[in-house]
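Every number in this text was worked out from the coordinates using simple rules, so none of it is lab data. Owing to the predicted nature of the structure, the values given are computational and were not obtained by experimental measurement. FYI the Cβ positions are ideal-geometry reconstructions off the backbone, even for glycines, and counts take in every protein chain you see.
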Amino acid sequence: MNSFFEKIGELFSTPEYIDSLLHGFWLTIQISYFAILIGMILGAIIALIDTARPSKWLVIPKFICRVYTTIIRGTPMALQLFIMFFVIFAIKGFPSIIIAILAFGLNSAAYAAEVIRGGILSVDKGQTEAGLALGLSRTTIFFKIVAPQAIKNIIPALGNEVITVIKETAIVSMVGMYDLNMAAKDIGSGQNMASYIVPMFVAALFYLATIYLITFIVKRIEKSLRRSDLRAEE
Amino acid sequence: MENTETDLKIKNLKKQFGKNKVLNGIDFELKEGERVVILGPSGSGKSTFLRCINWMEEPTSGEIYFDGTLVTEKNIRKMRRNMGMVFQHFNLINNLTVMDNLILAPVKLKIMTREVAEKRAKELLRHIGLPNKAEAYPASLSGGQKQRIAIIRAMMLNPEVLLFDEPTSALDPEAIGDVLDLIRELADRGMTIMIVTHEMGFAREIATRIVFIDKGRIIEEGEPNTFFSHPKTDRVKEFLQKVL
């Protein structure tokens, strides 16, 4: 056990190692950030198409959305990453960070879409009917009534999705990208510390701290959205 | 304000949900100032009938004329401004305060300025004895308070007709009294009303006409005293025996 803490001391006192970890961490953050951004925007679009009232213009888009979410959610993320790298973007010199962002973004979109769809559908039908009976347009009803109530149901689950994406990006090391996970593996290799447990442990702390921060932010947002749920006005 | 003018004329209205035929051809007329109570066993289609009038449910076939104009997909939104609706489960908008619930439609539809709408909302709130609830959210209100606010919300646009879909079915006895008092007051002021209810005493007291629906058809209709004391059909006799 003594050597474990010694090794941690060694890791933190070796600038190269810290440099590698921060480098990897930065890549993890970049991929996660843009993937989540793409995931939420595309996910929202898919959810809106999916929950829209049936019309002849939407038959094909609705079908495409259904097929998309089924395929994405029905196949392993690692496989999707490989397909993006070695089939779709098998172009020499194409920046791998962009491929990774797209792979995770397109994957996250399918899950975000389900979360947002569920949130929209969970709003009581009577809320929409109240708006209709008052002569309001479907657009007004969506933005003033349904969306604000749906967001309250969506935020916690969407926070979960953000956390999942951040951790899942660790598999980019499988296609040779130098993220936080890869940095830990690299530092732990025989050429360096010859101990995997210490750098892995430190990398885990990085993940944990990031996710803790995100959980904290999500909780704050949830709290501020919960104003209208107050049972009594004291 | 001619008393003979027809507000609503319905011809051969049919509604089916999938294969389930709920309304099997309803012909109906409503004149200004009338108060029609719709009675019938559960599952008879009485709520569906009411909900078809303002297209909460789109009719499968048949025609609805409102103020002489055929109601269509295109003009229904405009028509709805003149047909207020009160729901069984109140349907106050949960993410808006009472005040915002009241002024949302008049302001959004540019019928009133915000100032005028707020002034009217405050008057109505004072009238129903809830002047201090303007900034409350629906979650903090009792059922009776919610329903009375839902009624004045429907009144904000000065509709020609008010449609009540079982307005007291989700309330406790004390709240029922408060809500019925408010409806009674609207009736006394000459409001044209259609109401689906299970409150027989109230129906008899308030109605100018009773319409009895069973299996998606109007079986019998008439003036309340005759309807309750001398029903013409066996079906109504049987129904009244059970509920009175």
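Stokes-Einstein diffusion coefficient for the range A:141-234 at 37 °C in a medium of 0.692 mPa s, Rh from the Kirkwood formula over Cα pairs: what value in µm²/s?
Details: Rh = 16.2 Å.
In µm²/s, the coefficient rounds to 203.
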Next item on the list: Please build a GNM for chain B, connecting alpha carbons under 10 Å apart, and tell me which residue among B:E34, B:E123, B:E221 fluctuates the most.
Entry: B:E123
Next item on the list: Quick one: which residues, 5+ away or cross-chain, put their amide H under 5 Å from the amide H of B:R217? H built at 1.01 Å from N.
Entry: B:N24
Checklist line | Estimated FRET transfer efficiency when R0 is 60 angstrom, pair B:E205-A:I45 (beta carbons, to 0.05) | finding: 0.65
Next item on the list: Excluding residues on the same chain fewer than 8 positions from A:K92, give the lysines whose Cα lies under 27 Å from its Cα.
Entry: A:K185
Next item on the list: Could you calculate, for chain A, the ratio of the Cα radius of gyration to the Kirkwood radius, expressed as Rg to Rh?
Entry: 1.09
Checklist line | Distance histogram in 10 Å bins (all Cα pairs of the range B:94-244, percent per bin) | finding: 10, 35, 30, 16, 8, 0
Next item on the list: Could you give the C-alpha radius of gyration of the range B:95-140 expressed as a fraction of 2.2 N^0.38 Å, taking N as the number of residues it contains?
Entry: 1.09
Check: If each Cα of the protein assembly as shown is one equal point scatterer, what is log10 of I(q)/I(0) from the Debye formula at q = 0.08, 0.09, 0.11 Å⁻¹?
Finding: -0.65, -0.75, -0.94
Next item on the list: For the range A:190-231 and the range A:157-174, write down the distance between their C-alpha centroids in whole Å.
Entry: 11
Margin query: Suppose the chain between A:A157 and A:F4 were pulled fully straight at 0.36 nm per residue; how much longer would it get relative to their current alpha carbon spacing?
Written below: 51.4 nm
Note to self: How are the alpha carbon pair distances in the range A:58-144 distributed across 10 Å bins from zero to the largest one, expressed in percent?
What the structure shows: 14, 31, 26, 16, 10, 2
Note to self: On a 20 Å Cα-Cα criterion, which of the cross-link pairs A:K223/B:K133; A:K125/B:K146; B:K14/B:K237; B:K19/B:K215; B:K74/B:K146; A:K144/B:K122 come out too long?
What the structure shows: A:K223/B:K133; B:K14/B:K237; B:K74/B:K146; A:K144/B:K122
Next item on the list: List, in order, the whole-Hz ³J(HN,Hα) value for each residue of the range A:149-165 obtained from phi through the Karplus relation with A = 6.51, B = -1.76, C = 1.60 and θ = phi - 60°; use x for Gly and Pro.
Entry: 7, 5, 4, 4, 7, 7, 3, x, 5, 5, x, 4, 5, 4, 4, 4, 4
Check: What does the charge add up to near B:F87, with Lys and Arg as +1, Asp and Glu as -1, over the other residues with Cβ less than 9 Å from its Cβ?
Finding: -3
Note to self: Let's see if you can work this out: charge +1 on each Lys and Arg Cβ, -1 on each Asp and Glu Cβ, no other charges. What is the dipole magnitude of the protein assembly as shown about its Cα centre, in debye to the nearest 20?
What the structure shows: 880
